[in-house]
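Novice: Sharing a structure below in structure tokens format, with a few things to ask.
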Amino acid sequence: MIALLDWEMSTIGDPLADLGWMLTYWPDPAGARQIPSAIEGGAGYLTRHEMAEPYEAKTGRAMRYFSFYEVFALFKLGVILEGSYARFLHGQADDPMFAEFKGRVPALADAAWSLCSHRAGNVCSRRFSG
């Protein structure tokens, strides 16, 4: 496979935002999963770091602040789930799964904050400061 693209969810701009989105769901045997995912890791699954290495090698872009993109993906997912939850509350969606989003959105925010403030000494603030 050369590429996988979801037109609805892809970004226009930095391709690392799409990589961050994919890795948010990626099971990582080397660390805790950020969010629940239907993807189950197994023997031979690469770590998130190993998945990002080819991007660094091919583009020459350093991945030292990659946690920024993981946090951005969690924020993006939180916005999507919050919109679905709001539609559920207003009777515009009847799937009972949407009721679970009441707790999932704050959990995503907590995961993003934890990632942002604990990886490599607050990578998110350093990303914006130069």
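Any read-out appearing in this document is the output of simple, stated calculations on the displayed coordinates, not a laboratory observation. It should be emphasised that the depicted structure is a prediction, and the values quoted were computed from it without experimental measurement. Heads up, the Cβs are rebuilt from the backbone with ideal geometry, glycines too, and the neighbour counts pull from every protein chain shown.
Novice: Would you mind computing, in nm to one decimal, how far apart the modelled labels at residue 79 and residue 45 are, each placed 7 Å from Cα along Cα→Cβ?
Specialist: Computed distance between label sites residue 79 and residue 45 equals 2.8 nm.
Novice: Figure the gain on full extension for residue 109 and residue 62 (residue separation times 0.36 nm, minus the Cα-Cα span) and round it to one decimal in nm.
Specialist: Residue separation times 0.36 nm, minus the Cα-Cα distance, leaves 14.3 nm.
Novice: Hey, another quick one. Quick check on region 40-79: what are the equivalent-ellipsoid semi-axes from the Cα gyration tensor, as sqrt(5λ), descending, whole Å?
Specialist: 20, 18, 7
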